[in-house]
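The values are calculated or read from the model by the stated rules, or taken from the named source; none is laboratory data. Computed from a predicted model, the values in this text were never measured in an experiment. Positions of Cβ are generated from backbone atoms using ideal geometry, with glycine treated the same way; all protein chains shown enter the neighbour counts. The protein model used for the area step is the full one, side chains on, heavy atoms only, and it has no ligands, DNA or RNA in it. Shrake-Rupley method; radii C 1.70, N 1.55, O 1.52, S 1.80 Å.
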Amino acid sequence: MTDLTPADDAFADRLRTRLPDAAFRDLTPGYLEEPRGLFQGGEGLLVAPVSTDEVAEVVRACAEARVGIVPYGGGTGLVGGQIMENGPRPVILSLERLTRVRGVYPAENVAIVEAGVILADLQAAALAEDRLFPLSLASEGSARVGGVLSTNAGGVNVLRYGNTRELCLGLEAVLPDGSVWHGLKRLRKDNTGYDLRGLMIGAEGTLGIITAATMRLFPRPARTGTALFAVESPAAALDLLALAGARIGQGISAFELMSGEGPRFLIETDCPARCPMDPIPEWSVLIDLGLGAGDDPDEALTGLFEAALEAGLVSDGVIAQSEAQRSALWQMREEIPEANRRIGSVSSHDISLPLSSIPDFLDRARQAVAKVGEFRINAFGHLGDGNLHYNIFPAAGVARAEVMDRRADVAEAVYELVAGMEGSFSAEHGVGRLKVGDLERYGDPAKLAAMRAIKTALDPKGIMNPGVMLRDR
């Protein structure tokens, strides 16, 4: 970053000769903030290109002048990848005007969209053709396709449909020298060399700017069902997952584990959603099904509950009988992150573990955190794919500021345990700027060396999202 030059007034004047006035935006505070308040951006030259050609012009200009570029999607990232706090003034390249749906091909189950398309709008475009785009996030009303691709976002339906990487067939991207890679193929098979698509996805803007993508669609399930089951323990939840898989097969779209702290936080923070069970169970599972026209989701969920009750896995349950009830159950799960935000975490962890290790981790992590101090733990997440959000909060009645000095100790206790159990410290949120040190500490040395070599080869001037994922040297 020290070798970069600032996007000063002289650079801005030169860039204005290459772009129309409409590409330039006022740098309002929203572009310098992120959801958790952990990073605060400095100055920057904000540009919002309307086409791939304009993006290429920006990148070429920055490469010539050695000016850093910070890609900006919907601003919903949770690891600071969209915020540059210090260093020479960068160009902040917003995707907000790249919003065209270039084509939907329902017979092929494919949509081609630009990187600034909001995730909810892609879902709506699929629905208009009686298709499903299954990626579902709490931030889907503002997250943009380019951002979710750059972070390889997960969400609640990974169990059935996979991460964003699995949902993408092809990409169009501007590389760090300003050249355009035209990879928007609609092919399911293309064995013609290195997988640049897979490399760009999850790179967090460090290897280029994604400008458009070919995304997979799916037939919409003819019938859906949702249930909330109180489970005796996380181990019982895993047994329930196995039982559900044996009885229902691929019809399980989501399988979410929630500790009792989440629903209690909803009450404490006056969030609208509520758990329908009284008392609130210490552990519960939210199950979502998508079945064919000849299948009955109510019958499937009722049969699953009865079998699980007989096996001693569950003690109570609610099966949604209407779309309103289904929405209410999902609202409870989706408002937990907002309740967390209102309380204010000491340390938040987006981790993944081998499925069979999760019950042991939850027990051992509770003990490890207790050695650091008295805290509340809200553990929830996508049990079906091994992804937990393991968040630590001050004890009741204790101000967050009083315990923030223990944040590093809490994170170390959690991540050391995760590493020892062959898990990952970043399951679906990425590395960004927040977890660069964690990647250095827990990442495989050979992988890190390969990542640095790839970064140097594709971005020798170091202009693409400086300081993200790999520390500047």
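Using 0.36 nm times the number of residues separating SER315 and LEU27, minus their current alpha carbon distance, what extension gain do you get?
On the way: separation 288, 0.36 × 288 = 103.68 nm, distance 5.36 nm.
Contour length minus the Cα-Cα distance gives 98.3 nm.
Starting from the Cα gyration tensor of segment 104-172, take the square roots of the eigenvalues, sort them a ≥ b ≥ c, and report rounded, prolate or oblate (rounded when a/c is under 1.5, otherwise prolate if a/b is larger than b/c, else oblate).
Working: a/c = 1.30, a/b = 1.23, b/c = 1.05.
In terms of gyration-tensor shape, rounded.
Apply the Karplus parameterisation 6.51 cos²θ - 1.76 cosθ + 1.60, with θ equal to phi minus 60°, to every residue of segment 407-423 and state each ³J(HN,Hα) to the nearest whole Hz, in sequence, with x for glycine and proline.
For segment 407-423, the Karplus curve yields 4, 4, 5, 5, 4, 5, 4, 6, 5, 5, 5, 4, 4, x, 9, 6, x Hz.
Over segment 348-391, what is the mean sequence separation of C-alpha contacts under 8 Å (at least six apart), divided by residue count, expressed as relative contact order in percent? Write out the running numbers ahead of the final one.
Working: 44 pairs, mean separation 25.4, N = 44.
58 percent.
With +1 on each Lys and Arg Cβ and -1 on each Asp and Glu Cβ, how big is the dipole of segment 283-330 about its Cα centre, in debye rounded to the nearest 20?
Details: 1 positive and 9 negative charges, 40 e Å.
The dipole of segment 283-330 has a size of about 200 debye.
Classify segment 317-391 from the C-alpha gyration tensor, please: rounded if a/c falls under 1.5, else prolate or oblate depending on whether a/b exceeds b/c. Walk me through the intermediate numbers first.
On the way: a/c = 2.58, a/b = 1.55, b/c = 1.67.
The shape class here is oblate.
Stretch GLU416-GLU440 to full length: gain in nm at 0.36 nm per residue minus the Cα-Cα span?
Working: separation 24, 0.36 × 24 = 8.64 nm, distance 1.33 nm.
That pair, GLU416 and GLU440, stretches by 7.3 nm at full extension.
Would you tally the net charge around GLY384, using a Cβ to Cβ cut-off of less than 14 Å, leaving GLY384 out, and scoring K and R as +1, D and E as -1? It would help to have the intermediate numbers written out before the result.
Details: positive: ARG160, ARG333; negative: ASP239, GLU256, ASP288, ASP385, GLU428.
Net charge around GLY384: -3.
Which percent of the accessible heavy-atom area of the chain goes to carbon and sulfur, probe 1.4 angstrom? Before the final figure, lay out the partial values.
Values: 9760 of 19890 Å².
Carbon with sulfur: 49 percent of the solvent-accessible area.
At 1.4 Å probe size, what's the solvent-accessible area of TRP283? Round to the nearest 10 Å².
50
Spelling out what I want: for every residue of segment 83-93, take phi, set θ = phi - 60°, compute 6.51 cos²θ - 1.76 cosθ + 1.60 (Karplus), and round to whole Hz; glycine and proline get x.
10, 10, 6, 9, x, x, 3, x, 8, 9, 9
So who's got an amide H within less than 5 Å of the one on LEU132, skipping anything under 5 residues away but keeping other chains? H placed 1.01 Å off N, in plane.
It is PHE218, ARG220, by chain and number.
Excluding ligands and nucleic acids, what accessible area in Å² is computed for ILE392 using a 1.4 Å probe, to the nearest 10?
Solvent-accessible area, nearest 10 Å²: 0 Å².
With runs of 4+ DSSP H residues as the only contributors, calculate the mean residue ellipticity of the chain at 222 nm using -39,500 (n - 2.57) per run, divided by the residue total and rounded to the nearest 500. Could the numbers behind the result be given before it?
On the way: 15 runs with 160 residues, N = 473.
Calculated mean residue ellipticity at 222 nm is -10000 deg cm²/dmol.
Kindly report the accessible area of segment 1-112 per residue (heavy atoms of protein chains, probe 1.4 Å, no ligands, DNA or RNA), in Å². Walk me through the intermediate numbers first.
Details: 4800 Å² over 112 residues.
With all protein chains present, segment 1-112 gives 43 Å² per residue.
If you take every residue apart from SER51 with its C-beta less than 10 Å away from the C-beta of SER51, what net charge results, scoring Lys and Arg +1 and Asp and Glu -1?
The answer is -2.
List the lysines whose alpha-carbon lies under 28 Å from that of LYS185, not counting same-chain residues fewer than 8 positions away?
LYS455
Among LEU159, ALA111, LEU78, whose Cα projects farthest towards the positive end of the dipole of segment 61-168, with charges put on the beta-carbon of Lys, Arg (+1) and Asp, Glu (-1)?
Positive-end residue among those listed: LEU78.
To the nearest 20 debye, what is the magnitude of the charge dipole of the chain about its Cα centre, counting +1 on the Cβ of each Lys and Arg and -1 on the Cβ of each Asp and Glu? Could the numbers behind the result be given before it?
Values: 46 positive and 64 negative charges, 251 e Å.
So the dipole magnitude of the chain works out to roughly 1200 debye.
Along the charge dipole of the chain, Cβ charges K/R +1 and D/E -1, which of GLY462, SER426, VAL410 sits furthest on the positive end?
Looking along the dipole axis, the top candidate is GLY462.
Residues of segment 328-473: accessible area per residue at 1.4 Å, in Å²?
Values: 6360 Å² over 146 residues.
That works out to 44 Å² per residue.
Rolling a 1.4 Å sphere over the protein heavy atoms, what is the accessible area per residue of segment 154-222, to the nearest Å²?
On the way: 3010 Å² over 69 residues.
Per-residue value: 44 Å².
Quick one: net charge around ASP360, please, counting Lys, Arg +1 and Asp, Glu -1 for every other residue with C-beta under 14 Å from its C-beta. Can you show the working numbers first?
Values: positive: ARG364, ARG366; negative: ASP363, GLU422.
Charge balance in the 14 Å sphere: 0.
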